[in-house]
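The values are calculated or read from the model by the stated rules, or taken from the named source; none is laboratory data. Just so we're clear, the structure is a prediction, and the values are computed from it rather than from any experiment. Neighbour counts are summed over all protein chains in view; Cβ atoms, including those assigned to glycine, are modelled from backbone coordinates with ideal geometry.
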Amino acid sequence: MDWNTLKNQKRSYIDIVKERLGGDDNAQEDHPVGLRNTFRRIIRRQSTNQAAKKNTASNQNSYTEQYVTDQVLRQILLGENLLEIVYPDISIDTDNEFCPRCNFYLSDDDVVAGWSAGNSQEYKTECPNCLTKFVPHFCVQSTLPSFVGSRGPNSPLFCERLSPWVLKKELRSVISGGIEDLLSPEWREKESKNAVLWWNLILSFMRYRFPFTFLLQGSFGTSLIAPTPDADDEMTSSS
């Protein structure tokens, strides 16, 4: 990202995000194009599973309506739009997981359900069809010129999908400089393992609908821990 270009245009990152989020009601659910399919796949699967389990009309509400407040949603969308500024045309693909033994397709929920809860030593998930254990993966792509994938520059990055417990253990083992390491673009570009851990964090935050703006702080020259565009506008108009 060319930070100097933004300054010369007198348009900060927050101005760009405001434009992307917009002011209409539909904008609140307007995820960046590269992340939209990932978001919809996760939400569609969770909504379908919930409806199948309870079989009631009330469970047809969207995941966002049930679990995320408007304020939190604005922060989530802010982070997703900033992520696409840092990584243009970002795509996170979790839609190609098949059991290596029986070729059964595993949804995102299947992968999560197959983890051993609380076990930081288990890197594998379990196929719900044949009970075979294997390491799940996901793929990250971006048109950023400096993006380095599994086969070098401008190639996709194939990441092992880690459970929250394994991710916590792995992060503790590689972060020696505290949170500053995790927020630094140089740290995650230093070696592929760091990148895999960082993208696992992003994917986990997306799945559980947690704001992850702070994870992008190292890519911007000003603090990202600030009111959302809407909150900022309301404070300005009321003063």
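Tabulated results
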read-out	value
Tabulated pairs, segment 100-113, first farther than 19 Å from V166 by Cβ and in contact (Cβ under 8 Å) with a residue 12 or more places away in the chain, second among the hydroxyl-bearing types (S, T, Y) and part of a loop (DSSP other than H, G, I, E, B), C-beta under 6 angstrom, 6+ apart or interchain	R101/T132
Subset tally (residues that are free of Cβ contacts under 8 Å to residues at least 60 places away in the same chain, within 22 Å of G79 (Cβ to Cβ) and touching a strand residue (DSSP E or B) at 6+ places or on another chain (Cβ under 6 Å)) for segment 114-144	3
Any pair with Cβ under 8 angstrom, 6 or more apart, that starts in segment 151-165 at a residue that is at positive phi and ends at one that is buried (at least 16 other Cβ atoms within 10 Å of the Cβ)	N154/F147
Filtered residues of segment 76-117 (kept if of a type in the set (G, A, S) and within 17 Å of L201 (Cα to Cα))	G79, S91
Whichever residue in segment 187-239 is among the aromatic types (F, W, Y) and not in a loop (DSSP other than H, G, I, E, B) and, among such residues, is modelled with the lowest pLDDT	W187
